[in-house]
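Colleague: Okay, handing you the structure first.
The values are calculated or read from the model by the stated rules, or taken from the named source; none is laboratory data. Model, not experiment: these values are computed from the prediction. Because the Cβ atoms are built from the backbone with ideal geometry, glycine has one as well, and the counts that use them run over all protein chains shown.
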Amino acid sequence: MTKKVLLCDDEIHILKAAELKVSRAGYDVRIARDGEQAWQMILDDLPDILVTDVQMPRCDGFELSQRIRQDERTRDLPILMLTAKGYELEQQELMERWGIIDIVAKPFSPRELVRRIDAVTSAAEAGHCVGGAPGADRVHP
């Protein structure tokens, strides 16, 4: 079965470049322009992984991650966080506080993004815990 990836970013050129590369890698890709739209899409059809930007209008990546972790239906969804270069994020804090499993700095290589998505979805398929509530044991890409 084709794995579903939800890409969420308010910069359309980033979404389109990532969508092209990730879909060519064999994933079913959906896109959202902000965290609010992503949240609705997650509730309508749970993806296998979420790749989201930090800074977005209406609902930022942190708020979206918090909603995901607080809802029983979505709490185990693996989340990769995109961040602008220079926007300092401490990976350990993100994992413990928000349940984020990896950080990808912008500008990023679409090939590297696919590699990280592959690692997370492969670990999940093998039955390893990759998402979940903050503080849970997880496999990291």
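Colleague: For region 28-47, what are the residues that are among the polar types (S, T, N, Q) and either surrounded by 19 or more Cβ atoms within 10 Å (Cβ to Cβ) or within 15 Å of Asp10 (Cβ to Cβ) (or both)?
Modeller: Gln37, the sole residue that qualifies.
Colleague: Quick one: which residue in Arg73, Arg67 is assigned to a helix (DSSP H, G or I) and either aromatic (Phe, Trp, Tyr) or without any contact (Cβ under 8 Å) to a residue 40 or more places away in the chain (or both)?
Modeller: The unique qualifying residue is Arg67.
Colleague: Among all residue pairs at least 6 apart or on different chains, which show Cβ distances below 7 Å where the first residue, located in region 1-26, is surrounded by fewer than 18 Cβ atoms within 10 Å (Cβ to Cβ) and the second is at pLDDT below 95 and β-branched (Val, Ile, Thr)?
Modeller: So the pair list comes out as Gly26/Thr2.
Colleague: Criterion first (under 12 Å from the mean Cα position of the chain (by Cα) and either more than 24 Å from Ile12 (Cα to Cα) or modelled with pLDDT under 90 (or both)) does Asp102 satisfy it?
Modeller: Criteria met by Asp102.
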